[in-house]
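Values in this text are rule-based calculations from the coordinates and carry no lab data. These numbers were taken from a predicted model, which means no experiment stands behind them. All Cβ positions, glycine included, derive from the backbone under ideal geometry; neighbour counts span all protein chains shown.
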Amino acid sequence: MIVIPSLLEGGTVSKVSYEVRVVGCLGPAAREAFSELTVDVEPASTVLSGELEQTDLHALLDRVRALGLELVEVRQGPRRSRDPRPTGHARPT
């Protein structure tokens, strides 16, 4: 049995920004298979990105495999909200 604490505690499943990188430039037909995502074609790869729940991410990876695409990387994308706190460390004066 798989236990997901946030669901058991009455929480909701939230969407997270993901970037999935595959080898090569996807043609129009392959891009259509990912129409709900942002598709950024780069010289040697294509980045598929969007806000996904875990089940959506797994379905996306299944589509990548079904289309025979070579998966290079999966990572959480940049956060949408900005944190007003500085990211650097202040130097003592």
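Some values worked out for this structure:
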read-out: Tally of residues being in contact (Cβ under 8 Å) with a residue 12 or more places away in the chain, surrounded by 11 or more Cβ atoms within 10 Å (Cβ to Cβ) and over 14 Å from K15 (Cα atoms) across segment 37-59; value: 7
read-out: Every residue from segment 10-36 that is among the charged types (D, E, K, R) and within 16 Å of Q76 (Cα to Cα); value: K15, E19, R21
read-out: Subset of segment 37-55 [part of a helix (DSSP H, G or I) and over 13 Å from V74 (Cα atoms)]; value: T55
